[in-house]
1. Tell me, which residue of segment 1-54 that is β-branched (Val, Ile, Thr) and farther than 16 Å from Leu72 by Cα is most open to solvent (accessible area, probe 1.4 Å)?
2. For segment 27-59, which residues satisfy the criterion of being modelled with pLDDT of 95 or more and either in a loop (DSSP other than H, G, I, E, B) or of a type in the set (S, T, N, Q) (or both)?
3. Just checking, does segment 5-19 include any residue being among the basic types (Lys, Arg), at pLDDT 90 or above and in a loop (DSSP other than H, G, I, E, B)?
4. In segment 1-19, which residues are of a type in the set (Gly, Ala, Ser) and in contact with a Cys (Cβ under 9 Å, 6 or more places away or on another chain)?
5. For Phe79, which of the numbered conditions (1) exposed (fewer than 14 other Cβ atoms within 10 Å of the Cβ); (2) modelled with pLDDT under 90; (3) assigned to a loop (DSSP other than H, G, I, E, B) fails to hold?
Amino acid sequence: MKRDQELAAEFRNKSCQVCGSTEAVSGHHLISFGSNPDLDRPFNLMALCASHHQLIHLTGLTAFVYRFKLHLNMQQRGFEYN
């Protein structure tokens with residue numbers, strides 16, 4: 001599985017969507033890269049600092065979004081529902 005290096009570099013220049021930090025930011029896949037490498041796209045990523053990236057993996061997406069009162073409009077991100 002090859003990751004998009006330009007996309008990874010783009011997310012390193014963003015700020016964390018939770019705390020605003022610009023240190024050690026990376027993109028977290030909302031739908032796992034391992035389950036679908038075709039989803040290595042901006043609409044499937046959220047920018048997180050190292051601390052919050054680790055926390056989302058420990059708590060899971062639903063608990064993380066609820067805890068930090070994040071609004072992830074999945075349809076605006078490009079996901080479709082049947």
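The values are calculated or read from the model by the stated rules, or taken from the named source; none is laboratory data. As the structure is a prediction and not an experimental result, all values here were calculated from the model. No Cβ is skipped: glycine too gets one built from the backbone with ideal geometry, and neighbour counts run over all protein chains shown. Accessible surface areas use protein heavy atoms only, side chains included; no ligands, DNA or RNA. Shrake-Rupley method; radii C 1.70, N 1.55, O 1.52, S 1.80 Å.
1. It comes out as Thr22.
2. Answer for segment 27-59, where residues must be modelled with pLDDT of 95 or more and either in a loop (DSSP other than H, G, I, E, B) or of a type in the set (S, T, N, Q) (or both): Cys49, Ser51, Gln54, Thr59.
3. Yes, because at least one residue in segment 5-19 is among the basic types (Lys, Arg), at pLDDT 90 or above and in a loop (DSSP other than H, G, I, E, B).
4. Once the filter is applied, which keeps residues that are of a type in the set (Gly, Ala, Ser) and in contact with a Cys (Cβ under 9 Å, 6 or more places away or on another chain), segment 1-19 yields only Ser15.
5. (1)
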